[in-house]
Amino acid sequence: MIHVDSIYKIEDPRFRALIQPSAQLRKLATGFEWTEGPVWFADHQLLLFSDIPSERIMRLTVDDQLSVFRRPSDYINGNTSDRAGRLVSCQHGTRSVTRTEPNGSRTVIADSYKGKRLNSPNDVVVQSNGAIWFTDPTYGILSDYEGYKAEPEQEAHNVFRVEPQTGELEAMITDFVQPNGLAFSPDERTLYVAESGSSHNAEVPSVIRAFDLDEEGHIRRDRVFASIDKGLPDGMRVDADGNLWSSAADGIHCFHPDGTRLGKILVPETVANLCFGGPRGNRIFITATTSVYSIAVCTRSAV
Ligand code: MG
């Protein structure tokens, strides 16, 4: 079954329960170079997102007021919020992951591994126990466009985990070409990681891999969860029912936890990332190339 209208491509009847047919895809702001890293702060009722090449983080309030939150931003890419409501960011410019404290100061969470600088942390997620997971591809050091050109010091492009008590960094997954977005299932027993290596090598499959974790947080099994048929997967989020919503060239692809693609929300610009938010948590904010969009859905974030 395939139904196409201006916004939705419904490929499985289960998708109908997740979308609001009359909802509008609203372009909230535009005129940026490359938007990424959306994160919603419920306490403040606002969205932050990165405009990476312009080296700034933008702030968008619930009544659509746009302003600069931080400039220069050290070429921040992915952002998330930890369980205390603090901003956690991946900084290409300093090749680090940082946390912004309530007083505005920044704490470096990770900037090296085995005595060598990280590549350019891309996207980050925080578990309920405080463990911070992030990806470390090389996009931010390939040129001066969204960071500072440099030779990689790391042997691999890893998925790292920062141990919550000790702050120790551990390479958990070491076999990606370019690991990018990452998200946990609601029970945190499955970690999804996007492979975006096709950006520079067409031989690399555009897939989302799923990693099953044991109770200690160690990876036990690895499988290909889904493929992206238009462009590549970058940022991703999981909703409260465990459905995975991934960025793609033609919009957002929604996958059931069993890996079936349920449908798409079609967006007129290439999508880099998304997050759930809004006053009731039932909106998806979409960073798509030069613009930020939102659309109401019939689900909300897993956390
Ligand atoms: Mg990314």
Extension gain Q65-R117, at 0.36 nm per residue separation less the Cα-Cα distance, in nm? 15.0 nm
Kirkwood Rh in Å, taken over all unlike Cα pairs in region 136-288: 16.3
Looking at region 4-296, I'd like the Rg to Rh ratio, where Rg is from alpha-carbon atoms and Rh is Kirkwood's inverse mean 1/r. 0.93
Taking T107, T138 and counting other beta carbon atoms within 10 angstrom, the fewest-first order is T107, T138
Charge dipole magnitude, Cβ of K and R +1, D and E -1 - the chain, Cα centre, debye nearest 20: 740
Can you give me the Cα centroid spacing of region 187-226 and region 280-302 in angstrom? 23
Peptides ranked, highest mean first, by Cβ atoms within 10 Å: ranges 197-204, 125-132, 81-88: 125-132, 81-88, 197-204
So for region 36-180, averaging the separation of alpha carbon pairs under 8 Å that are six or more residues apart and normalising by length, what relative contact order in percent results? 16
Can you find, among P205, P279, I228, the residue sitting farthest towards the positive end of the charge dipole of region 202-291, where Lys and Arg contribute +1 and Asp and Glu -1 at Cβ? P279
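The numbers here are math on the coordinates, done by the rules we state, and not lab data. Being a predicted model, the structure only gives us computed values, none of them experimental. Neighbour counts run over all protein chains shown; Cβ positions are idealised from the backbone, glycine included.
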